[in-house]
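The values are calculated or read from the model by the stated rules, or taken from the named source; none is laboratory data. All figures in this text were calculated on a predicted structure; none of them were measured in a lab. Backbone-built Cβ (ideal geometry, glycine too); neighbour counts: all protein chains shown.
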Ligand code: PMP
């Protein structure tokens, strides 16, 4: 069996131990005589899976008791609408910082539904940096301030959160979920699609302060998009994506065995340093994100020559390095080095980059 080093931005690499365990349990999940895919979401076995997943996530992230964990459907993109529909219920205003395509999409969706204000944008620099949060002024009347904490395409990350006072901060953490410890209490809502750092596609995890789950929402908000529906029904108003939740649960346990979020952060920093140190040591490649805003999850880089970039991607594939092509809005290459990417994978990439440089410089 040949496993490649998969640098996909998402769906992305999962821990091999998790995949093996899931394979072992495929035909008979712990004596039930069926796969988790086949069992009722109301069964005792599945109830234990979802409860344990939530408990492990709470433990990993240190989620305070006044926050709910919701497993919702429709990916992160559905949250672009759910967030304004559920939260724009006070002043009807929200402040958005646009630092890439994902926050831009979220802003557009909110602007369709209510009074969304663009507080800052880094589009002038093709989203290669995060706007300086110290220079921003937020509307104290806003129902929330919105950021995308790690922009997957441009490889930028907030290393400092905006100070929003009493206004709740809402963050899309899809591509940095569980990559490092965070202080949950700094946020009103933390959410993300799980298909990068947590599990297979199909779930958005929403961690929300209880007082933000209200009995109010924008007119015509569908039942399925209300946070209250998910909260009141233990994320099982309807059939949830059971298999995805099951794998997420296994990934949470895997993370605990890696020393929790501190342990995984240490490894993520080592992996990112390996790649960035090399990128900084050569003129052959350029890392496209502003140095001070670099992500340790997504690392875009270019040679500056589109033909050479294409050659790199093709030859990398032959060397067992998959999905390294950059997003079309940046071009070049992008290495997504999520939690489950082993350091050996990053080393293999750097070795390949060095060889390619010698052969093509
Ligand atoms: N936010 C971020 C930061 C993302 O990277 C993505 C997907 N790549 C999305 C939102 C959209 O996620 P989904 O496909 O689950 O809707």
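A few points about this structure:
- Taking residues in the range 60-83 that are closer than 17 Å to residue 94 by Cβ, and partners anywhere that are outside any helix (DSSP H, G or I) and away from the ligand (no atom under 16 Å from the Cβ), not one pair has Cβ atoms closer than 6 Å while being at least 6 places apart or on different chains.
- Long-range neighbours under 6 Å by Cβ, at least six apart or interchain, first residue at positive phi within the range 10-25, second assigned to a loop (DSSP other than H, G, I, E, B) and surrounded by 14 or more Cβ atoms within 10 Å (Cβ to Cβ): 10/195; 10/196
- Single match in 80, 46 (criterion: assigned by TED's automatic domain parsing to the domain that holds residue 252, on the phi < 0 side of the Ramachandran plot and within 23 Å of the chain's Cα centre (by Cα)): 80
- In the range 108-206, counting only strands (runs of 3 or more DSSP E) that sit wholly within it, the ones holding 2 or more residues that are within 11 Å of the ligand (Cβ to nearest atom) and in contact with a strand residue (DSSP E or B) (Cβ under 8 Å, 6 or more places away or on another chain) span 144-148, 169-172, 189-193.
- Number of the condition not met by residue 89 [criteria: (1) within 16 Å of the ligand (Cβ to nearest atom); (2) surrounded by fewer than 24 Cβ atoms within 10 Å (Cβ to Cβ)]: (1)
- Complete set of residues in the range 207-235 that are touching a helix residue (DSSP H, G or I) at 6+ places or on another chain (Cβ under 8 Å) and within 16 Å of the ligand (Cβ to nearest atom): 207, 225
- Index of the failed condition, residue 103 passing every other in (1) touching a residue at least 40 places away in the same chain (Cβ under 8 Å); (2) more than 16 Å from the ligand (Cβ to nearest atom); (3) touching a strand residue (DSSP E or B) at 6+ places or on another chain (Cβ under 6 Å); (4) closer than 19 Å to residue 292 by Cβ: (2)
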